[in-house]
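Working notes, beginning with the structure itself.
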Ligand SMILES: Cc1cc2nc3c(=O)[nH]c(=O)nc-3n(C[C@H](O)[C@H](O)[C@H](O)COP(=O)(O)OP(=O)(O)OC[C@H]3O[C@@H](n4cnc5c(N)ncnc54)[C@H](O)[C@@H]3O)c2cc1C
């Protein structure tokens, strides 16, 4: 889809219309600004890298953002509520439970298929917003000066150039836009691969999300409709390669060995898809006339299911700053002061979530007996220590870490 004619000069050009970039486009759509969205792969294509076969665990804060954006009604019917979270360590005694009801919450969050989220976001964009969509289209080159950015766009073999005040890098972990602005990204390979699939256990999941730490990495089971569960099985690389060749029975046998029989026997398994895991962290969240959001800013291990939730808070904050400043005359969406506010707002939340996620992976990967003992004690202590549970629940509502909560996450629409 590519609209023709009209202006080629924008306030904001978003590169990448995946989970985070498309959400930003929907958030900016009602603000009366000239916004372009450039996405390489149509949202319902089999090769779409963001809206693929994964499911995403959404925090309550993220659900509220999607609701305020008018997107939640498009996914609600296929969203599965998480009532409790159960954390355990294979071969050890300690475990912890967090119960939404005990925390005074209706849910700890919801699980949503990525494809459904893509359909809901893109149907909002296609239903007559003013956002100019270039898709399928790729950014070929970027040049910038003090006043604007020139973005080369190639669609169906034809090249065009658009100009914009602000470019948003929402083009994922390998962000070419981030590189074009000279921002380095540090990357640490976890030497692990997450094998994602769907399983059907004998017993109903009861809307409990399970996180189980095993010697080779964490195993997560997220509740889905029809009694099924999403399985995220983290394995070292060599074992993951092998696991992709196992028969369904062999694969389920291994899952059973690691997870145990809390949900009875695993009866069926779907198609398996491997995701190599690394921590990627951009050195900054803006540079020149570029704001960096979502995976382009930070690619996380999925252990705590926080990557998209964090990316949504990136765009909710950026959209709010833009909404507040747009009445200034003259308005410049790429002004240094605006981007400095964005950097400052995101710093604590981003730093905290990256440290928490990376710390969790390291803590539960350690072969040291003393560390293993401590985490066993830690899980037991967590289970009987209400303030720790309440702190984690606040994270789920988007109010964690003392960071300012964006309006969209409080249910306040941007106008
Ligand atoms: C196995 C796994 C499970 C996960 N589970 C969870 C979870 O439960 N909860 C959670 O919060 N997070 C989860 N995450 C993290 C979440 O998937 C990411 O945070 C999210 O996908 C980031 O979205 P994004 O739009 O920033 O980047 P991406 O999803 O990488 O999207 C980037 C988009 O940019 C486009 N693009 C790239 N280059 C160009 C270009 N040059 N021109 C035009 N378009 C371009 C791509 O086609 C793509 O659509 C998980 C991640 C993994 C790997």
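Points worth noting:
- Single unsatisfied condition, residue 118 versus (1) within 10 Å of the ligand (Cβ to nearest atom); (2) in contact with a strand residue (DSSP E or B) (Cβ under 9 Å, 6 or more places away or on another chain): (2)
- Residue within region 60-80 that is in contact (Cβ under 8 Å) with a residue 60 or more places away in the chain, within 30 Å of residue 213 (Cα to Cα) and more than 16 Å from the chain's Cα centre (by Cα) present: yes
- Region 151-228 holds strands (runs of 3 or more DSSP E) entirely within its bounds, and those carrying 2 or more residues that are closer than 24 Å to residue 112 by Cα map to 185-201, 208-214, 217-223.
- Candidates in region 151-175 are the residues that are within 14 Å of the ligand (Cβ to nearest atom) and free of Cβ contacts under 8 Å to residues at least 60 places away in the same chain; of these, the one that is nearest to residue 310 (Cα to Cα) is 174.
- Single residue of region 142-173 satisfying the filter (at positive phi and in contact with a strand residue (DSSP E or B) (Cβ under 9 Å, 6 or more places away or on another chain)) that is surrounded by the fewest Cβ atoms within 10 Å (Cβ to Cβ): 156
- Count of residues meeting criterion [away from the ligand (no atom under 13 Å from the Cβ) and part of a strand (DSSP E or B)] in region 138-150: 4
- Members of region 323-341 found to be in contact with a strand residue (DSSP E or B) (Cβ under 7 Å, 6 or more places away or on another chain) and buried (at least 21 other Cβ atoms within 10 Å of the Cβ), listed by number: 333, 334, 339
- Residue in region 129-137 that is farther than 16 Å from residue 13 by Cα and part of a loop (DSSP other than H, G, I, E, B) present: no
- Residues that are under 30 Å from residue 199 (Cβ atoms) and either away from the ligand (no atom under 16 Å from the Cβ) or out of contact with any strand residue (DSSP E or B) (no Cβ under 8 Å at 6 or more places or on another chain) (or both) within region 270-303 comprise just one, 294.
- Which listed residue, of 233, 252, 242, 318, is assigned to a helix (DSSP H, G or I) and in contact with a helix residue (DSSP H, G or I) (Cβ under 9 Å, 6 or more places away or on another chain): 318
Values quoted throughout were computed directly from the atomic coordinates according to the rules given, and no laboratory measurement underlies them. This is a predicted model, so every value here is computed, not measured. All Cβ positions, glycine included, derive from the backbone under ideal geometry; neighbour counts span all protein chains shown.
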